[in-house]
Amino acid sequence: MPPPWPTTPPTARDRASFADAEPRPYWAVQTEPAPGLAGRASADLCIVGAGFTGLWTALHAKHDDPARDVVVLEAETAGFGASSRNGGFLASSLTHGLANGLARFPDELDALDRLGLENYRGLLADLDRLGVDCDLEETGEIDVATEPYQLEELSEAAALARAHGHDVELLDGTAMRAEVASPLYLGGLWHRTGNALVDPGKLVDGLRRAALATGVRLHERTPVTGLGRTGAGVRVSTPGGAVEAGGVLLGTSAYPPPLRAIRRRVVAVYDYVLVTEPLSTAQWQAIGWRNRQGLADGGNRFHYYRPTADGRILYGGFEAVYRYGGPVAARLDDDEQTFSLLAQHFFATFPQLEGVRFSHRWGGAIDTCSRFSVYFGTALGGRVAYAVGYTGLGVGATRFGARVALDLLDGRETEATQLRYVRTKPVPFPPEPLRSAVIQLTRNRLAAADRRQGRRGLWLRGLDRLGLGFDS
């Protein structure tokens with residue numbers, strides 16, 4: 001059977017489809033920025049980063065103790081990074097899927113899966129309690145097979161999910177194409193438990209508003225330049241001043257953190273996304289998708305896609321781009337080559353939509369670690385805690401990550417803080433130039449495995465034995 005994706009270069013028509021697209025996240029919400037920090041301030045808790053991790057931390061802290069003085073510092077504006085650049089897939093998994101969790105934390109998988117579902121339900125309850133409207137749709141997610149070997153993988157995944165009490169439905173080719181009409185689809189696995197779609201921009205905005213309403217002080221356009229111990233606390237330095245805080249929590253995602261220890265274990269990998277113009281009624285009828293699930297196909301280099309609330313399709317993924325040194329910069333948000341490939345693959349997936357144009361295109365950095373899920377740590381004598389390395393499933397897991405990191409900072413023992421999942425860290429990446437060589441070789445070998453019906457070669461099998469991730 002021929003490979004599902006075109007082997008010829010993208011055409012001029014593919015490139016023209018996104019030529020007029022706005023180079024910014026479709027989800028972006030325009031708000032008046034909070035004032036930057038000027039001079040010196042003090043706080044019980046200073047949070048660095050106003051993405052999902054930072055905002056959830058602020059809300060947890062104020063829920064625990066409404067009198068706690070909380071300051072949040074953000075280098076750009078709330079949600080500027082991955083929190084507003086993702087596809088809006090809200091999943092309960094804390095381990096980047098059950099299979100990844102089974103491979104790395106087999107003795108704790110039952111607890112981690114339960115905690116993930118509890119976190120998911122708690123997140124939905126919080127959104128209701130806080131009045132956050134983020135276009136939530138509990139439609140589930142379908143893993144799609146586009147090659148025969150992936151059908152066996154879906155069967156194994158279905159058995160694992162059912163063994164853990166999840167509601168899943170295995171779809172053959174006919175049933176899958178009845179859900180979403182693509183000539184590439186050979187089958188699918190519909191995850192009905194713990195999966196939803198949201199508008200992440202509206203989610204960020206809602207959490208920001210809720211945090212401000214509790215009395216949290218937010219300073220945007222305030223980058224942090226350093227951390228240092230001072231007396232019984234920590235001094236957080238910025239270009240315009242400093243915060244003296246009893247404790248500091250870092251939610252820096254893929255951005256350069258003020259702790260060198262994090263830089264050894266997190267790399268910034270760029271992901272790119274296209275969003276179509278609104279489809280017509282006839283175009284939607286041509287592809288079906290009446291149940292509006294999120295979709296992801298089954299290769300190592302996979303695409304993810306979903307409908308939006310106003311009738312568009314978001315289509316992203318496939319290429320995970322690492323650049324020497326792992327820079328994160330606005331100039332990297334636009335990548336003609338990757339957008340061309342995405343457009344080509346979109347029209348291969350939905351040939352009945354030929355002629356549709358894309359209204360938005362963007363890129364963003366993912367905080368990737370070698371175990372493919374969030375990890376935790378403390379520094380400066382326990383006065384600083386952090387949660388980083390989500391590797392693309394942070395929309396839901398950040399609420400859990402914020403809770404655990406805050407408990408570590410406050411010295412609070414919980415079921416989660418006793419887990420090896422929380423107490424251990426992923427294998428660090430080597431320094432440059434070896435880091436770049438290893439990552440690029442691994443990307444090459446993952447692409448080769450996709451061409452060879454999923455068969456992993458010597459290099460990937462070696463990484464598997466070392467526990468170095470790179471499994472999706």
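Starting from region 1-23, take each residue that is farther than 19 Å from residue 335 by Cα and surrounded by 15 or more Cβ atoms within 10 Å (Cβ to Cβ) and list its partners that are β-branched (Val, Ile, Thr) and modelled with pLDDT of 95 or more, counting only C-beta distances under 6 angstrom and pairs at least six apart or across chains.
4/146
Starting from region 45-60, keep only residues that are in the same structural domain as residue 252 (by TED's automatic domain parsing), then list their pairs with residues that are outside any helix (DSSP H, G or I) and of a type in the set (D, E, K, R) whose Cβ atoms are within a distance under 6 Å, requiring at least 6 positions of separation or different chains.
50/74
For region 61-94, which positions are more than 27 Å from residue 268 (Cα to Cα) and not in a loop (DSSP other than H, G, I, E, B)?
Correct list: 61, 62, 63, 64, 70.
Pick from 393, 406: which is touching a strand residue (DSSP E or B) at 6+ places or on another chain (Cβ under 8 Å) and at pLDDT below 95?
Only one candidate passes the filter, namely 393.
Working only within region 262-281, note down all residues that are in contact with a strand residue (DSSP E or B) (Cβ under 6 Å, 6 or more places away or on another chain), assigned to a loop (DSSP other than H, G, I, E, B) and not aliphatic (A, V, I, L, M).
Once the filter is applied, which keeps residues that are in contact with a strand residue (DSSP E or B) (Cβ under 6 Å, 6 or more places away or on another chain), assigned to a loop (DSSP other than H, G, I, E, B) and not aliphatic (A, V, I, L, M), region 262-281 yields only 277.
Going by what's in this entry, would residue 14 be described as more than 30 Å from residue 358 (Cα to Cα) and among the acidic types (Asp, Glu)?
Answer is no for this residue.
Looking at 118, 138, which is the one that is free of Cβ contacts under 8 Å to residues at least 60 places away in the same chain, surrounded by fewer than 17 Cβ atoms within 10 Å (Cβ to Cβ), acidic (Asp, Glu) and closer than 19 Å to residue 56 by Cα?
So the residue among 118, 138 that is free of Cβ contacts under 8 Å to residues at least 60 places away in the same chain, surrounded by fewer than 17 Cβ atoms within 10 Å (Cβ to Cβ), acidic (Asp, Glu) and closer than 19 Å to residue 56 by Cα is 118.
Which residue, of 78, 34, is surrounded by fewer than 22 Cβ atoms within 10 Å (Cβ to Cβ), small (Gly, Ala, Ser) and in contact with a Ser or Thr (Cβ under 9 Å, 6 or more places away or on another chain)?
34
Being under 20 Å from the mean Cα position of the chain (by Cα) and under 16 Å from residue 371 (Cβ atoms) is the filter here; which residues of region 395-426 pass it?
If the condition is that a residue be under 20 Å from the mean Cα position of the chain (by Cα) and under 16 Å from residue 371 (Cβ atoms), then 397, 400, 401, 404, 421, 422, 425, 426 are the ones that fit.
Could you name every one of the strands (runs of 3 or more DSSP E) located completely within region 282-363 that has at least 1 residues being on the phi > 0 side of the Ramachandran plot and in contact with a strand residue (DSSP E or B) (Cβ under 8 Å, 6 or more places away or on another chain)?
Correct list: 313-317.
Could you please let me know if residue 34 is assigned by TED's automatic domain parsing to the domain that holds residue 228, among the hydrophobic types (A, V, I, L, M, F, W, C), in a loop (DSSP other than H, G, I, E, B) and modelled with pLDDT of 95 or more?
no
Given 105, 89, which one is more than 19 Å from the chain's Cα centre (by Cα), within 24 Å of residue 372 (Cα to Cα), touching a residue at least 60 places away in the same chain (Cβ under 8 Å) and not assigned by TED's automatic domain parsing to the domain that holds residue 328?
Going through 105, 89 in turn, just one is more than 19 Å from the chain's Cα centre (by Cα), within 24 Å of residue 372 (Cα to Cα), touching a residue at least 60 places away in the same chain (Cβ under 8 Å) and not assigned by TED's automatic domain parsing to the domain that holds residue 328: 105.
Just checking, how many residues over region 212-223 are polar (S, T, N, Q) and either buried (at least 19 other Cβ atoms within 10 Å of the Cβ) or free of Cβ contacts under 8 Å to residues at least 24 places away in the same chain (or both)?
1
Name every residue in region 37-60 that is among the β-branched types (Val, Ile, Thr) and either outside any helix (DSSP H, G or I) or surrounded by fewer than 24 Cβ atoms within 10 Å (Cβ to Cβ) (or both), in order of residue number.
Answer for region 37-60, where residues must be among the β-branched types (Val, Ile, Thr) and either outside any helix (DSSP H, G or I) or surrounded by fewer than 24 Cβ atoms within 10 Å (Cβ to Cβ) (or both): 47, 48.
For residue 412, work out the one condition from (1) at negative phi; (2) outside the structural domain of residue 92 (by TED's automatic domain parsing); (3) in a loop (DSSP other than H, G, I, E, B) it doesn't fulfil.
The failed condition is (2).
Considering 226, 241, 246, 201, which residue is farther than 22 Å from residue 350 by Cβ, in contact (Cβ under 8 Å) with a residue 24 or more places away in the chain and under 25 Å from the mean Cα position of the chain (by Cα)?
So the residue among 226, 241, 246, 201 that is farther than 22 Å from residue 350 by Cβ, in contact (Cβ under 8 Å) with a residue 24 or more places away in the chain and under 25 Å from the mean Cα position of the chain (by Cα) is 201.
May I ask you to verify whether residue 222 is in contact with a strand residue (DSSP E or B) (Cβ under 6 Å, 6 or more places away or on another chain) and either part of a loop (DSSP other than H, G, I, E, B) or farther than 30 Å from residue 129 by Cα (or both)?
yes
Considering each of 175, 157, 181 in turn, give the residue that is modelled with pLDDT of 95 or more, outside the structural domain of residue 109 (by TED's automatic domain parsing) and under 19 Å from residue 100 (Cα atoms).
157
Using the structure shown, decide if residue 428 is farther than 22 Å from residue 111 by Cβ, of a type outside the set (A, V, I, L, M, F, W, C) and touching a Phe, Trp or Tyr at 6+ places or on another chain (Cβ under 8 Å).
No: the conditions fail for residue 428.
The values are calculated or read from the model by the stated rules, or taken from the named source; none is laboratory data. Predicted model only: the values in this text are computed from it and were never measured. As a convention, Cβ positions derive from the backbone with ideal geometry for all residues, glycine included, and neighbour counts pool all protein chains shown.
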